[in-house]
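Each remark here refers to the structure printed beneath this line.
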């Protein structure tokens with residue numbers, strides 16, 4: 001273990017309609033196709049660029065491949081990376097928690113893929129990192145992301161009013177959590 005966390009091991013989680021797996025530099029073109037979409041960008045943090053080009057995909061994947069422990073993964077459907085899912089391990093007194101983030105290419109929305117991936121990564125993260133809680137904070141108006149989390153076993157804990165600024169608009173966020181039993 002490094003700093004109380006398990007070392008990086010390549011991941012491949014079969015999760016129903018998809019596989020959550022480690023990133024590869026072979027995924028650069030797929031990631032550009034999935035990520036270069038304003039509708040995807042609109043529901044992500046500002047650190048996610050738009051437009052999203054090969055230089056962004058290469059930098060993101062190269063960074064993901066060096067993380068110790070591995071905490072960013074590709075969502076793969078039939079051999080193609082169609083999205084990303086990640087956890088951000090918390091520290092200090094919140095070291096038993098992690099924040100979950102994800103996106104999926106628009107043609108794959110509404111097919112249950114993301115709920116499968118969220119469920120699999122949540123259970124993996126709890127076990128692999130000795131967590132008691134995984135949480136996510138989608139924008140309040142992102143009903144699809146709220147449904148994904150609810151289908152994956154997350155509970156709405158509250159609304160964080162006027163907590164985010166995206167595209168020049170102050171927005172509410174919903175706080176969802178999966179708490180290990």
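Rule-based calculations on the coordinates, nothing more; no lab input. Predicted model only: the values in this text are computed from it and were never measured. Reconstructed Cβ throughout: ideal geometry from the backbone, glycine too, with neighbour counts over all protein chains shown.
Among the residues of the range 14-41, count how many are part of a helix (DSSP H, G or I) and in contact (Cβ under 8 Å) with a residue 60 or more places away in the chain. Here the count works out to 5. Of the residues making up the range 127-140, those that are in contact (Cβ under 8 Å) with a residue 12 or more places away in the chain, over 13 Å from residue 177 (Cβ atoms) and outside any loop (DSSP other than H, G, I, E, B) are 128, 139.
Taking the conditions (1) more than 14 Å from the chain's Cα centre (by Cα); (2) part of a strand (DSSP E or B); (3) closer than 23 Å to residue 91 by Cβ in turn, residue 159 satisfies each one other than (3). Before we move on, is residue 46 free of Cβ contacts under 8 Å to residues at least 60 places away in the same chain and farther than 22 Å from residue 130 by Cα? When the stated conditions are applied, residue 46 does not pass them.
Among the conditions (1) in contact with a strand residue (DSSP E or B) (Cβ under 9 Å, 6 or more places away or on another chain); (2) farther than 25 Å from residue 142 by Cα; (3) in contact (Cβ under 8 Å) with a residue 24 or more places away in the chain, the only one that residue 73 does not satisfy is (2).
Condition check: more than 13 Å from the chain's Cα centre (by Cα), under 23 Å from residue 83 (Cβ atoms), exposed (fewer than 15 other Cβ atoms within 10 Å of the Cβ) and free of Cβ contacts under 8 Å to residues at least 12 places away in the same chain. Does residue 143 satisfy that? So residue 143 passes the test.
Here's the yes/no breakdown for (1) crowded, with 18+ Cβ neighbours inside 10 Å; (2) more than 20 Å from residue 147 (Cβ to Cβ):
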site: 49; (1), (2): no, yes
site: 65; (1), (2): no, yes
site: 79; (1), (2): no, yes
site: 92; (1), (2): no, yes
site: 98; (1), (2): yes, yes
site: 107; (1), (2): no, no
site: 114; (1), (2): yes, no
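Taking the criterion of being part of a loop (DSSP other than H, G, I, E, B) and within 25 Å of residue 112 (Cα to Cα), the residues of the range 53-88 that qualify are 70, 71, 78, 79.
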